Amino acid sequence: MWPFLLSFLVFVSHTYGISTKDDVNIALSVIEGTAGYRILNGTNQFGAHGDGGSGDGVIVMVNTSEELVGGLSECWRSRFPDYNGKYWVFLPMDLLDGSVAEFLQNSSCIAGIVLTDPSRPHHVYDQSPFSHDSSCPNDVSSWYREERGSCRNKINRGAEIPQGLRNVEWKVLMVYMKDPKQLDLVKKCYGLFNVPEDGSTSRSFPLCGMSFGLFNSAAGNSQICFRRGLENARIYAFNIDATAIPLMCNPLAGQNVFSWPVPAITGSKTEQSSKYMIIATRLDSFGLIPDVSAGELSVLTSLIAVLATAQAIGSSLENFEAAVNRSSRFVMFAVFNGESFDYIGSSATVERMRMGVFPLPQMNVTHIQPMNLSQIEVIIEPQQIGSTSGTDLFTHVDSDRYAKSKEPLDRILNAMRNGAFSAGSTVRPVKEGSKVPPASWHSFARGNGNIQSIVLSPFDDSYSYNRYNSMLDQNTWTLGERTKAISDISAAATAMLYAAADFTRTNVSNLKVDDKFVATLFDCMVMSEDWFSCNFLNTLNSQRVNKSFESYSYYSKSTFISVSNGNPLRFFVYWILVYALGTNRHTTNVKNKKSCMDLSEHQAVRRVAQDELLTVMQGIRKNTAQQYILDGTGCYRFKLNEMSVEKHQTLRSPPTKSDPKFLKTSRRTPSYEQFIGPQRHKNERLQFARSNMATDWNKIIFSDEKKFNLDGPDGYAHYWRDLRKDPMYFSKRNFGGGSLMVWAAFCGNGTVALSFIGTRTNSQDYQQLLAQHLLPYLRRRRRANMIYQQDNASVHASNSTLAWFAAKNVVLLDWPACSPDLNPVENLWSVLVRRVYANAKQYTTVNDLKRAIRAEWDGLDKSLLQPLVGSMPNRIFEVYSYDWQPDPWTGKYSCYRSSIQLVQLQSPAFSIEGYDFSNTTYSTWTESQYSIDTLNLFLIQDSSFDWIMLLIGIFIALFSFFIVGRCHESTFVIDEGEVQAEEGEPL
């Protein structure tokens, strides 16, 4: 009994304080994106992370810088004289400036910082310096980085510290608390237990405290964590039991939007002489806590100006198209993502142009004439539009390049002046010795020495807006400030519109910026609290995207690039451009979504990111180790898993409700492609397209094989399908069952032949089949010079078969590997399958199935075949995509034809084998994976009571042992019965 009592007392003594914490405990949710975490570049680590302690602390709320500095200097000992632990400091985000940052970094008594909304409303013209970027943004990746003083005397005067608060290694935890209910709860607890009362200046136990923890997987720099992650990935790639790859950090990557009002068609006579103007803007910003970045003036106002320019061109698209076709001078709108982190989006675009794969000519992605850097004449980029009270706009050019090619740039500048003047603004002349401020042009400048830049901005030598790239880039707008900002955006858009018209030789008389469109976008993107609060965007969205993720970017405005592609802003930009530049005059007879999607069946359903492709080429799976299978042709295909293809999938299993932690993994969504092949397959497809620009597809005989089963078509384990359509479902049969292998061929003039072959066919069997069915057809059309198409299956491409073709004088079409999507027979199989298995029909014998297949084949209408053959030019050179979406003003749905791409890009540094991460050519920014503990609110008792209870326990233990040690036989009371028993007496 004594040992049990001793253990109980010691247990109670040690757990008294903890039990109070557990008994009075409130868990508060921390959604993804509101906690500070570690980000890294090629040489350093930055961001928030704890010191490895418990993350517990007493709550302190401060309202002034003086109060914060005074409390930190003595660790609030005068207020909490009995407490010797750490503190969680609650402060408005506008108090965390350069004057207090050093105190917070060097303090030894801070467990963490909770940032709340600003202490006062901030208006657009406020001059307080609250930028979280450096005084020289993106300086290491600047075209002028080798020049002395390239930063032009610290262009970002709003930087709170020279290196920027983002570029600080904060050795404390950091959280942003926005929810007013949570904040009220904390304030009540703080007021009851931590605020001195009755005129006192101090407070004793119990005290209101909180705990929170965040663990970063990555440390050091991007090179360390990324290379280690790849080593782990290689190990897991060969482990069939692996369900996740334990990456420690992931490259920042995001969706970029490219659009062409009039696309240049591959193979046209103007391919070599085409010239381009790029109207660019960026989609991203950041804050001290990266995801908390509304980006109102850093991103959104300039983005609206570019969208308004596109809408003005789209409203007079026929006139613009006619001028472009005459002049061979094209305009591309580019919305780059990741520009705040050393130009991720633009540098990846430049690299693709160098490789000859921009726009990406693979799979069925919308194909436009490949662009190269020598075709680009000028890049126009608006910046910080609406950030000043004046009406002047400044143009920034590179003075050296301007001097070499002054006349064509002067023509564009004059057009911009005329446009701005017509909108009530003034474009100031270019200053002597002008340099280009941080802009996407710097990526292009490193790639080509002749590309000109025009940055259009309301600032001259330095930024006029002092909250550039900041958590505080979110304003309180008065009616006058709103009206002025909308006017500035319209003026900038009109200036760019006139520049585009002059470049393409379009008459500007029919071109005008829609002020209502500008005002609506301003209210939706700048004035609104999130992306889902205005009718215009909600109508455009039409429930395609909803707040399905527990992520800050879905509940508040965020412009951070991250690694997740989860920010919904990119979808809205894409849809707005489809509405602005798309047209429905070619699709007036399309009345439903299915018909609209059928127009795109052969094209842009798999927008594939180059980095994903290169990753698979290197033998590394970035998503799940079992997500891909290698088929018989050497092509990678997704396993049939609708959830993994269509929905957000993280690298690790999601937490259960009982799990106190949730893991913020690499938030990368799976690739949009349905299969991935090696680089040589990409090159083969590109070469195939270029070699068949003038092919007469009516002379091609298309062939293929397919397996049919008694209870359904083959392919229920893997199949190709359009991700925008409802999936097909087939029965899952047990082992066994009859089946047929069918070979078929057709051309534009009709069906050629259909034959039933064995499931195991060798080269001799295949040659015999061709002799029976193909050769007779060719003999009958000897003068037609028909060409036979087949895929690259082993029996088709064997030396024996190729020799047979040569002997029989059969001309073969050189077919690229991994390209079933190019073959129109696949569409014919689809028709045949639907008819053979109509109404879920199943067959009892193979002969019944044969008769059904033959009957349906013989019944195929020739009118069905000709459109399939006629689709071949579009399959390899599709210029337009089709989107079924509503008019944002009326809600009426239409099928919009446009030429727009949404492309995921990451820095080329992560695709170049052996790249030196200390090199500044490409961005090397990564984001650490991290895990988060629950944020708990609780009461802290006097820790000395634990020691008192421990001492009491020790005393009782010693006392009990002392008593037990003095016991002997004479001290025990012995039952008389026991004595009698010892003497032999019965008890």
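The values are calculated or read from the model by the stated rules, or taken from the named source; none is laboratory data. Being a predicted model, the structure only gives us computed values, none of them experimental. Methodologically, a virtual Cβ is constructed for each residue, glycine included, from the backbone with ideal geometry; neighbour enumeration extends over all protein chains shown. Calculation scope for accessible area: heavy atoms of the full protein, side chains included, ligands and nucleic acids excluded. Shrake-Rupley method; radii C 1.70, N 1.55, O 1.52, S 1.80 Å.
Find all pairs meeting these conditions: Cβ atoms under 8 angstrom apart; at least six residues apart or on different chains; first residue within the range 745-757 and assigned to a strand (DSSP E or B); second residue acidic (D, E) and open to solvent by less than 10 Å² (accessible area, probe 1.4 Å).
Close Cβ pairs (under 8 Å, with a partner that is acidic (D, E) and open to solvent by less than 10 Å² (accessible area, probe 1.4 Å)) do not exist here.
Does K850 fit the bill of being under 18 Å from G712 (Cβ atoms), open to solvent by 30 Å² or more (accessible area, probe 1.4 Å) and modelled with pLDDT of 90 or more?
Working: under 18 Å from G712 (Cβ atoms): yes; open to solvent by 30 Å² or more (accessible area, probe 1.4 Å): yes; modelled with pLDDT of 90 or more: yes.
When the stated conditions are applied, K850 passes them.
Quick one: in the range 14-26, of everything that is modelled with pLDDT under 65 and of a type in the set (S, T, N, Q), which residue is farthest from the chain's Cα centre (by Cα)? It would help to see each step written out before you state the result.
To start, the set of residues in the range 14-26 that are modelled with pLDDT under 65 comprises 14-23.
Of the ones still in play, those that are also of a type in the set (S, T, N, Q) are 15, 19-20.
Values: T15: 46, S19: 44, T20: 44 Å.
It comes out as T15.
Does the range 833-847 hold any residues that are free of Cβ contacts under 8 Å to residues at least 60 places away in the same chain and surrounded by 15 or more Cβ atoms within 10 Å (Cβ to Cβ), and which are they?
First, pick out the residues of the range 833-847 that are free of Cβ contacts under 8 Å to residues at least 60 places away in the same chain: 834-835, 838-841, 847.
Selection gives R835 alone.
Scan the range 481-503 and report the pairs whose first residue is free of Cβ contacts under 8 Å to residues at least 40 places away in the same chain and among the aliphatic types (A, V, I, L, M) and whose second residue is surrounded by fewer than 24 Cβ atoms within 10 Å (Cβ to Cβ) and outside any helix (DSSP H, G or I), with Cβ atoms within less than 7 Å and a gap of 6+ or a chain change.
Close Cβ pairs (under 7 Å, with a partner that is surrounded by fewer than 24 Cβ atoms within 10 Å (Cβ to Cβ) and outside any helix (DSSP H, G or I)) do not exist here.
Based on this model, can you work out whether K862 counts as of a type in the set (K, R), open to solvent by 70 Å² or more (accessible area, probe 1.4 Å) and touching a Gly at 6+ places or on another chain (Cβ under 6 Å)?
Answer is yes for this residue.
Quick one: count up the residues across the range 513-535 that are under 19 Å from G386 (Cβ atoms) and either modelled with pLDDT of 95 or more or among the small types (G, A, S) (or both).
16
Scan the range 435-448 and tell me whether some residue there is of a type in the set (D, E, K, R), part of a helix (DSSP H, G or I) and farther than 18 Å from T301 by Cα. Reasoning before the result, please.
Let us first name the residues in the range 435-448 that are of a type in the set (D, E, K, R), namely 435, 446.
Keeping just the survivors that are part of a helix (DSSP H, G or I) gives 446.
Cutting the leftovers down to farther than 18 Å from T301 by Cα gives us 446.
Checking the range 435-448: at least one residue is of a type in the set (D, E, K, R), part of a helix (DSSP H, G or I) and farther than 18 Å from T301 by Cα.
Scan (1) closer than 24 Å to L864 by Cβ; (2) open to solvent by 20 Å² or more (accessible area, probe 1.4 Å) for the single condition A745 breaks and write down its number.
(2)
With the checklist (1) touching a Gly at 6+ places or on another chain (Cβ under 9 Å); (2) within 17 Å of T751 (Cβ to Cβ) in hand, flag the one item Q842 doesn't pass.
Here Q842 meets the rest and fails (2).
May I ask you to say which residue of W815, W884 is surrounded by 20 or more Cβ atoms within 10 Å (Cβ to Cβ) and either without any contact (Cβ under 8 Å) to a residue 24 or more places away in the chain or within 47 Å of the chain's Cα centre (by Cα) (or both)?
Numbers: W815 fails: surrounded by 20 or more Cβ atoms within 10 Å (Cβ to Cβ).
After applying the criteria, what remains is W884.
Being in contact with a helix residue (DSSP H, G or I) (Cβ under 9 Å, 6 or more places away or on another chain) and at pLDDT below 95 is the filter here; which residues of the range 451-464 pass it?
none
Residue-wise test of (1) more than 30 Å from F80 (Cβ to Cβ); (2) over 18 Å from the mean Cα position of the chain (by Cα).
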site	(1), (2)
S898	yes, yes
Q904	yes, no
S918	yes, yes
Y922	yes, yes
L937	no, yes
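Can you pull out every residue in the range 198-222 that is open to solvent by 10 Å² or more (accessible area, probe 1.4 Å) and within 18 Å of G71 (Cα to Cα)?
The answer is S200, T201, S202, R203, S204.
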